[in-house]
1. If you filter the range 14-111 for chymotrypsin sites (Phe, Trp or Tyr not before Pro), then keep DSSP loop positions with at most 10 other Cβ within 10 Å, what is left?
2. Just want the answer: with Cβ charges of +1 for Lys and Arg and -1 for Asp and Glu, which residue in G82, M59, V272 is farthest toward the dipole's positive end in the chain?
3. Expressed as an acute angle from 0 to 90° and rounded to the nearest 10, what is the orientation of the C-alpha long axis of helix 21-63 relative to the principal long axis of the chain?
4. Within the chain, what's the longest run with no trypsin sites (Lys or Arg not before Pro) in a DSSP loop and at most 13 other beta-carbon atoms within 10 Å? Give the range, please.
5. Place a +1 charge on the Cβ of each Lys and Arg in the range 180-267 and a -1 charge on the Cβ of each Asp and Glu, then give the dipole magnitude about the Cα centre in debye, rounded to the nearest 20.
6. Straight-line reach from K137: which lysines have a Cα under 25 Å away, not including same-chain ones fewer than 8 places off?
7. Could you state the number of Å between the C-alpha centres of the range 359-382 and the range 188-215?
8. How much length, in nm to one decimal, is gained on full extension between S320 and S386, taken as 0.36 nm per residue of separation minus their Cα-Cα distance?
Amino acid sequence: MTDTRAPLSPGGPVPTDWRSIGMQRRVRRRYAAERRFRWFGLAAVIASASFLAFLLIAMLINGAQGFVQTRIDVPVDFPHAGLSLDPDRLRGQGADLALASAGLPDAMARAAIAAYGPGGDTLISDGAWMTLRDQLKVDPSLLQRRAVIAVPAATEIDIAAKRDGSAAAKAMIDRLQARGVLHTSFNATFFVEADSTDPTIVGIWGALKGSIFTMIVTLLLAFPIGVLAALYLEEYAPRNWITDLIEVSINNLAAVPSIIFGLLGLAVFLNVFHLPRSAALVGGMTLALMTMPVIVIAGRNAIKAVPPSIRDAALGVGASPVQVVFHHVLPLALPGILTGTIIGMARALGETAPLLMIGMRAFIATPPGRLTDPATVLPVQIFLWSDEVSRGFVEKTSAAIIVLLVFLLAMNGLAIYLRNRFETRW
């Protein structure tokens with residue numbers, strides 16, 4: 001096809017003939033490329049959602065049983081159990097000391113053997129006597145009568161009751177169910193107890209409390225310092241080579257591997273200042289070092305996004321530079337700052353390597369009461385349980401991962417809410 005069109009003006013460009021074969025071919029190729037790009041994007045989204053769904057489903061399948069506990073009813077004849085306990089003493093301050101020296105583990109084992117014959121003590125958990133202890137603390141009058149106590153089953157019995165187990169364990173399960181002494185229920189112990197060597201009585205409260213303490217210290221240190229540093233660099237700092245060097249250093253610190261911050265915390269907080277090892281205070285300070293560059297970068301971007309007209313208008317009505325920053329710029333930049341802060345905190349919550357370097361991998365059987373008490377956190381607890389030999393820790397590890405994921409999703413949901421709540425439309 002010959003182009004016979006004349007230019008719009010002498011010597012000017014010839015208008016495009018959209019009906020020509022060559023132009024139609026180019027349009028078709030452009031539309032085809034757009035369709036391919038759309039399909040590639042959709043495939044990427046589907047792949048990402050599939051991986052996420054696979055992760056969540058796998059965790060739910062493996063960890064759902066961790067929230068269920070198998071218990072066995074054991075009759076205990078307290079007057080003939082050989083316990084040298086005074087009911088009045090159990091109502092005073094020395095109840096824990098009296099119960100600790102009363103021989104409850106042996107009494108629990110003898111009661112199980114009397115109820116289920118030789119080997120009956122192997123049907124119950126090694127920590128079953130703790131249930132007996134807790135029952136006596138709640139109701140000391142049990143010492144004067146016979147009572148049936150529902151105690152956690154042994155690991156093999158617990159696994160066989162919830163999924164496939166050995167033939168011997170399944171046969172025992174059938175006999176116990178026929179007698180009506182075996183039942184499963186929600187595992188409230190998992191949320192109120194600390195770490196233990198027995199997977200049937202293990203809990204995450206100690207690690208969860210340590211995570212809360214650590215995050216509080218991290219937030220109290222990283223947020224104000226990071227926001228003030230962002231304000232200074234964006235609003236007051238002179239533009240010279242020193243400022244450029246600081247900005248480059250902050251950007252590089254945000255990409256440094258987390259274990260480097262663990263080594264820094266070990267060298268400074270433990271070896272120089274001699275702070276308590278494996279404490280939430282040291283863990284929070286170490287994670288604050290890691291989170292602070294993220295908050296500074298997010299804060300600077302949020303402050304930079306505030307229109308210059310806001311500053312000019314505030315200065316025009318007589319506001320001082322400090323009033324402009326804290327009364328106008330900072331409130332408008334707060335949604336972006338809070339979003340970046342919570343995302344940084346969510347990253348800190350999932351960190352394990354820096355906390356391992358400062359000793360927060362110790363076996364903590366008692367939840368921390370203060371910031372300086374020995375503590376651990378959820379990611380480290382998951383790491384320790386995943387290294388255990390007992391099969392009972394497998395489902396507990398997956399259950400702890402579910403709790404951690406719920407915690408992280410809640411923090412990210414809070415970030416989205418804060419962004420929408422304080423966002424200003426221009």
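The values are calculated or read from the model by the stated rules, or taken from the named source; none is laboratory data. Because the structure is predicted, anything quoted here is derived from the model rather than measured. Don't worry about glycine lacking a Cβ; one is built from the backbone with ideal geometry, like all the others, and counts go over all protein chains shown. The area values use the complete protein model at the heavy-atom level, side chains included, leaving out ligands, DNA and RNA. Shrake-Rupley method; radii C 1.70, N 1.55, O 1.52, S 1.80 Å.
1. Counting only loop positions with at most 10 other Cβ atoms within 10 Å, the chymotrypsin sites (Phe, Trp or Tyr not before Pro) in the range 14-111 are W18.
2. Among G82, M59, V272, the one farthest towards the positive end of the dipole of the chain is M59.
3. The helix 21-63 is inclined about 20 degrees to the chain.
4. On the way: sites that count: R5, R19, R145, R163, R239, R370, R391, R425.
In the chain, the maximal stretch lacking such sites is 240-369.
5. On the way: 2 positive and 7 negative charges, 13 e Å.
For this selection, approximately 60 debye.
6. K209
7. The two parts, judged by their Cα centres, are 9 Å apart.
8. Answer, rounded to one decimal: 18.0 nm.
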